[in-house]
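Input: a single structure, listed below in structure tokens.
We did not get these values from a lab; they are worked out from the coordinates using the rules stated. Here the structure is a predicted model, which is why all the values come from computation and not from measurement. Cβ: placed from backbone, ideal geometry, glycine included. Neighbour counts: every protein chain shown.
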């Protein structure tokens, strides 16, 4: 079983069943103490601090004596513009692609992060956690961590200034992403021109989220994106754009540049309790790997970085490998919502409200905890 480093310096938090007050400021000297506590007092959800404390058991934060904190990147599918967790398999597929892009396109090439310090986990519900534990980053304050987030989100990136550099085959960082982003956006615009309304919706939502966050004015609606897709069908204009001459798009050039930024960045939250907050918070609690997520009944599951790659022949499948409860006992549930899609191993659940489904205990637990079904006799 995975063991958090420096266990004695971690603060633990537990959420009891029934919505009671969270139990905070717990500390343990070894993992046996953690297991004993959970066996004696079963909990809805288990968390430990990303921060290291000299005295984690103290009740006042000021008395704990902060020593440092891991870097945590929390990617949740419900924060993706235009994506809904009611199509759970698709949401997980998209957020896994984002998590892989975060490491493969940003953390390793741009910041030189070393895989030896990385731990990857399925969160047990709607996304993935990347825990980075290189001691030289422990003492970064919130502002320094925010700069990492800003770079990943492409805040302040001027695509027009990077076009010349993007044509260099040895381009790195955002210049390299602009080069690949041009091809990516053109291909997506082709699909939209051919009638892919789902892609139009998600692409426009991502664009609007980015522009709203940064206060950018300009074309942003579905009609504008559809018009751009139409303009891209002219072969001479298309070839100029693919060659980096975006001015060929005239008054749609800025829209195209904004689409590149939105397409090439990784979504790290937008508002409220977001993924961005997790990264910049030096006192954060994160779910304990190996525990069950109280809102899904699935296991917070650690797996190798190589399996995060969705194109890998052995890519991690959280909707199979994250199942922890019994697949043997069959129970009956009644769906209470429409248009909710789930998958357990190879079985797809796409039923309407009122339908009775026979499914294993793990699947029934997920559907009931999501509020999508109720148990029936």
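So here's what we get for this one:
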{"read-out": "Contour minus Cα-Cα distance for residue 235 and residue 62 (0.36 nm per residue)", "value": "55.9 nm"}
{"read-out": "Inter-label distance, nm, simple model (7 Å from Cα along the C-beta direction), residue 295/residue 111", "value": "2.4 nm"}
{"read-out": "Inter-site label distance for residue 302 and residue 251 at 7 Å from Cα along Cβ, in nm", "value": "5.7 nm"}
{"read-out": "Fewest-first sequence of 137, 111, 122 by Cβ atoms within 10 Å of each Cβ", "value": "111, 137, 122"}
{"read-out": "Residues 48, 117, 132 arranged by fewest to most Cβ contacts within 10 Å", "value": "117, 132, 48"}
{"read-out": "Residue-span extension gain [residue 339 to residue 311] - 0.36 nm each, minus C-alpha spacing", "value": "7.3 nm"}
{"read-out": "Residue-averaged [θ]222 nm for the chain, counting only DSSP H segments that reach four residues, each worth -39500 (n - 2.57)", "value": "-11000 deg cm²/dmol"}
{"read-out": "Proxy reagent accessibility, fewest Cβ within 10 Å first, across 312, 29", "value": "29, 312"}
{"read-out": "Net length gained if the chain between residue 329 and residue 150 were fully extended (0.36 nm per residue, minus Cα distance)", "value": "59.7 nm"}
{"read-out": "Alpha-carbon radius of gyration plus Dmax, which is the widest Cα pair, for region 16-70 in Å", "value": "12.4, 34"}
{"read-out": "Relative contact order of the chain, pairs being alpha-carbon contacts under 8 Å that are 6 or more residues apart, as %", "value": "19 percent"}
{"read-out": "Region 169-264, Cα convex hull volume normalised per residue, Å³", "value": "88 Å³"}
{"read-out": "Cβ-derived FRET efficiency at R0 41 Å, residue 224 paired with residue 142, nearest 0.05", "value": "0.65"}
{"read-out": "Rounded to 10°, Cα long-axis angle of helix 173-193 versus longest principal axis of the chain", "value": "80 degrees"}
{"read-out": "Three semi-axes of the equivalent ellipsoid, region 325-376, Cα gyration tensor, whole Å, largest first", "value": "16, 12, 9"}
{"read-out": "Tilt relative to the chain, helix 142-153 - C-alpha long axis, 0 to 90 degrees, to 10", "value": "50 degrees"}
{"read-out": "For q = 0.10, 0.22 Å⁻¹, Debye-computed log10 I/I(0) when each Cα of region 42-173 counts as one equal scatterer", "value": "-0.45, -1.36"}
{"read-out": "Bins of 5 Å, starting at 0 and running to the largest distance - Cα pair percent for region 24-116", "value": "2, 10, 14, 12, 14, 14, 16, 14, 3, 0"}
{"read-out": "Shape of region 255-377, Cα gyration tensor, a/c cut at 1.5", "value": "prolate"}
{"read-out": "Cα shape, the chain, gyration tensor, a/c 1.5 rule", "value": "oblate"}
{"read-out": "Shape of region 183-236, Cα gyration tensor, a/c cut at 1.5", "value": "prolate"}
{"read-out": "Using alpha-carbon coordinates, inclination of helix 31-40 to the longest axis of the chain, degrees", "value": "70 degrees"}
